[in-house]
Amino acid sequence: MGVKLLLDKANVPGIRTYDVYRREGGYSAVEKALKEMNPETIVEEVKKSGLRGRGGAGFPAGMKWSFIAKPEGVPRHLVCNADESEPGTFKDRYLMEFLPHLLLEGLIIASFALGSNDTYIYIRGEYAWIPDILEEAINEAKANGWLGKNILGTGFDCNIHVQRGAGAYICGEETALIESLEGRRGNPRIKPPFPAIQGLWMRPTVVNNVETLAAVVPIIHMGGDEYAKIGVGKSTGTKLISACGNINKPGVYEIDMTVSVEDFIYSDEYCGGIKGGKQLKACIPGGSSVPILPANLLLKTAKGETRYMNYESLSDGGFATGSMMGSGGFIVLDEDQCIVKNTLTLARFYRHESCGQCSPCREGTGWMEKILMKIEQGKGEMSDIDLLWDIQRKIEGNTICPLGDAASWPVAAAIRHFRDEFEWHVKNPELSQTSNFGLQHYADPIHIPA
Amino acid sequence: MGMQFNEIQMTEFKRLVARYPEGKQKSALLPALHLAQESFDGWLSVETMDYIASLLNIEPIEVYEVASFYSMYNLKPVGKFVFEVCQTGPCMISGSDNIIDYIKQTLDIKPGETTKDGVFTLKLVECLGACGYAPMMQVGKIYKEHLTKEKVDAIIAEYRQLAASKN
């Protein structure tokens, strides 16, 4: 069993309520932070911890905090990004639903460190039942003196508000989220200025993912140095992985980033192997945006080394032979899955979610969907595959926000690693409608552990 | 002027606005539209949007452009219950196509349509963050997960009964 810092108490009956959470030692990190530490020393501990943003980008959280501007007389804000919308990702939902007070504890400490008196949780609109859970937890925390005025006699005031989005993947991008929080369409802003200088209502703002903020609690408890000892290299601490697709045990797992991908998929502690005893075909290891990897490159790097569930190892080989940790949305595809169809559903997703601001993304995502649809329906031509490649290349890097990249990468990786399957669809327009390409990519049988 | 919030709804509206600093009441627009949609038959008419604009003291166009951007706001009338079935990658590889076909067949409607009795609307949606519990759909505030044909039958029966008891 690996180290658990976030979900160690998840199975305690009633942990969702204040009384049980407090009895289990909850809010002692707030006590420590507010009484024994000051904003600077808290930021310092988070820096030392090496905690990287858990939303997908992996940017060092402590560094992000240290960028916040502090102009005289201007309020600052912390915003919790709970817009979790990356296909394959459902870890923040789990944290908020089952451990709402853990998130609040992290939020109070971070608000204190950043000087935010009004902190907002922006949660995706579809998680419609979770704001009730969070608001109940906020009321409990307030009734017990952890929120409101003059918390623990420190003179620090803090209120936490929950705002629902209304169905827009783009609002997970921090500047689009801020626009949405201001009551507008979720069109990302051009950076700079970064939110740390001009964010919500043009005030200095830090936007952090739910899991990132929850991780602040163990960091305060154990200290940044101790936290950094867990994991490996720049992948410090623990990471929540939401595993889904054709596996025996889908769900949310906390890992300490030293587990191998193979163990993660096949061991009973985690995914429990491929459903129905089938073979592994491919996997999207970090949410739908990151490159899909064929089984052979997933389990071992191009150099033949074991691949591990951490930032460095998952990206080993760059996009040529590697992928990314991303949001931790781990999507497993078995031998019966069609890569063209899977890529089509993702292309449709990005076309649907493009905000329409930048032409390459607005137009390109629609073109990619149409061409993939054509190939999937057995009406494609060989030149369509090159055209797809060309379009994705012209979107990537040419848009205001990373949605353009996120839309390009899945298409690029699918063609890069599974070009023969696309060609098979073109060459076999009828057969491809009733049968699938299976594991023909693999000259050698895929390694399956005993 | 047709629709207006009743007293309870108005109290909730005021609570939403109070979360934001003085002069930033426009920030309450998204939650206010959710409240309006719940209060007025599950969709936002132009009249409703104009009403929200007047309450927040903003231009109607500021409401229209937001309401048309976000996928959860219905700009046309919908049935009493909307089945929003996820069709994105993780649900697709877990068999959502079969579930969608089965719902279409059982309710005899296409995506975007409402049953003749006005009870159900079928909507295909993109990833709702329930990938580990796929296939799934959302009905109102609730997620229905691990869907099978039998489960779909039971859900339809459940909401039919609820609709009948509301009449």
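The values are calculated or read from the model by the stated rules, or taken from the named source; none is laboratory data. All values derive from a computational prediction rather than experimental measurement. Because the Cβ atoms are built from the backbone with ideal geometry, glycine has one as well, and the counts that use them run over all protein chains shown.
Quick one: B:Glu145 ticks every box in (1) surrounded by 18 or more Cβ atoms within 10 Å (Cβ to Cβ); (2) more than 9 Å from chain A (Cβ to nearest Cβ); (3) without any contact (Cβ under 8 Å) to a residue 40 or more places away in the chain; (4) within 29 Å of B:Pro31 (Cα to Cα) except a single one, so which number is it?
Condition (1) is where B:Glu145 drops out.
If we keep just the residues of the range B:104-121 that are touching a Lys or Arg at 6+ places or on another chain (Cβ under 7 Å) and not small (Gly, Ala, Ser), which is surrounded by the most Cβ atoms within 10 Å (Cβ to Cβ)?
This residue is B:Val119.
Among (1) touching a residue at least 12 places away in the same chain (Cβ under 8 Å); (2) farther than 25 Å from B:Val78 by Cα, there is one condition B:Thr11 misses while meeting the rest; what is its number?
(1)
What are the residues in the range B:76-108 that are farther than 17 Å from B:Lys144 by Cα and within 12 Å of chain A (Cβ to nearest Cβ), if any?
B:Gly89, B:Ile93
Which one is farthest from B:Val125 (Cα to Cα), of the residues in the range A:340-371 that are polar (S, T, N, Q) and in a helix (DSSP H, G or I)?
Within the range A:340-371, the match that is farthest from B:Val125 (Cα to Cα) is A:Ser359.
So which residues in the range A:314-325 are part of a helix (DSSP H, G or I), small (Gly, Ala, Ser) and in contact (Cβ under 8 Å) with a residue 24 or more places away in the chain, if there are any at all?
Once the filter is applied, which keeps residues that are part of a helix (DSSP H, G or I), small (Gly, Ala, Ser) and in contact (Cβ under 8 Å) with a residue 24 or more places away in the chain, the range A:314-325 yields only A:Ala320.
For the range A:129-174, name all the residues that are in contact with a strand residue (DSSP E or B) (Cβ under 8 Å, 6 or more places away or on another chain), farther than 29 Å from A:Lys32 by Cβ and of a type in the set (D, E, K, R).
Passing the criteria: only A:Arg164.
Among what's in the range A:355-373 and is surrounded by 24 or more Cβ atoms within 10 Å (Cβ to Cβ) and in contact (Cβ under 8 Å) with a residue 40 or more places away in the chain, pick the residue that is farthest from A:Asp420 (Cα to Cα).
So the residue we want is A:Cys361.
Could you list, in sequence order, all residues of the range B:14-23 that are among the hydrophobic types (A, V, I, L, M, F, W, C) and either closer than 21 Å to B:Glu65 by Cβ or at the interface with chain A (Cβ under 7 Å from one of its Cβ atoms) (or both)?
If the condition is that a residue be among the hydrophobic types (A, V, I, L, M, F, W, C) and either closer than 21 Å to B:Glu65 by Cβ or at the interface with chain A (Cβ under 7 Å from one of its Cβ atoms) (or both), then B:Leu16, B:Val17 are the ones that fit.
Identify all residues within the range B:51-75 that are away from every other protein chain (no Cβ under 12 Å), without any contact (Cβ under 8 Å) to a residue 40 or more places away in the chain and of a type in the set (A, V, I, L, M, F, W, C); write none if there are none.
The answer is B:Leu75, and nothing else.
Counting just the residues of the range B:24-50 that are outside any helix (DSSP H, G or I) and within 23 Å of A:Glu353 (Cα to Cα), which one comes out nearest to the other protein chains (Cβ to nearest Cβ)?
Across the range B:24-50, the extreme among qualifying residues is B:Leu44.
Looking only at the range A:416-441, which residues are surrounded by fewer than 19 Cβ atoms within 10 Å (Cβ to Cβ) and of a type in the set (A, V, I, L, M)?
The answer is A:Leu431, A:Leu439.
Out of A:Gly155, A:Gly125, I need the residue that is on the phi > 0 side of the Ramachandran plot and either crowded, with 24+ Cβ neighbours inside 10 Å or free of Cβ contacts under 8 Å to residues at least 60 places away in the same chain (or both). Which one?
So the residue among A:Gly155, A:Gly125 that is on the phi > 0 side of the Ramachandran plot and either crowded, with 24+ Cβ neighbours inside 10 Å or free of Cβ contacts under 8 Å to residues at least 60 places away in the same chain (or both) is A:Gly155.
Looking at (1) more than 20 Å from A:His161 (Cβ to Cβ); (2) of a type in the set (Gly, Ala, Ser); (3) over 17 Å from the mean Cα position of the chain (by Cα), which is the only condition B:Ser27 fails?
(1)
Limited to the range B:54-103, what total is found for residues that are more than 20 Å from the chain's Cα centre (by Cα) and closer than 19 Å to A:Ser354 by Cα?
Counting residues in the range B:54-103 that are more than 20 Å from the chain's Cα centre (by Cα) and closer than 19 Å to A:Ser354 by Cα gives 1.
Having 1 or more residues that are within 28 Å of A:Glu335 (Cα to Cα) is the bar; report the helices (runs of 4 or more DSSP H) wholly within the range B:51-118 that clear it.
Hits in the range B:51-118: B:89-93, B:96-107.
With a cut-off of at least 3 residues that are under 22 Å from the mean Cα position of the chain (by Cα) and either assigned by TED's automatic domain parsing to the domain that holds A:Met222 or acidic (Asp, Glu) (or both), name the helices (runs of 4 or more DSSP H) lying wholly within the range A:1-106.
Those helices (runs of 4 or more DSSP H) span A:39-49, A:61-66, A:91-98.
Working only within the range A:335-352, note down all residues that are touching a strand residue (DSSP E or B) at 6+ places or on another chain (Cβ under 8 Å), over 17 Å from A:Ala412 (Cβ atoms) and facing another protein chain (nearest Cβ under 8 Å).
If the condition is that a residue be touching a strand residue (DSSP E or B) at 6+ places or on another chain (Cβ under 8 Å), over 17 Å from A:Ala412 (Cβ atoms) and facing another protein chain (nearest Cβ under 8 Å), then A:Gln337 is the only one that fits.
Is it the case, given these coordinates, that B:Ala32 is crowded, with 19+ Cβ neighbours inside 10 Å, without any contact (Cβ under 8 Å) to a residue 60 or more places away in the chain, farther than 23 Å from B:Glu113 by Cα and not assigned by TED's automatic domain parsing to the domain that holds B:Thr148?
yes
Sort out which residues of the range A:284-298 are part of a strand (DSSP E or B) and either outside the structural domain of A:Asp263 (by TED's automatic domain parsing) or crowded, with 24+ Cβ neighbours inside 10 Å (or both), and write them in order of number.
Of everything in the range A:284-298, those that are part of a strand (DSSP E or B) and either outside the structural domain of A:Asp263 (by TED's automatic domain parsing) or crowded, with 24+ Cβ neighbours inside 10 Å (or both) turn out to be A:Ile284, A:Pro285, A:Gly287.
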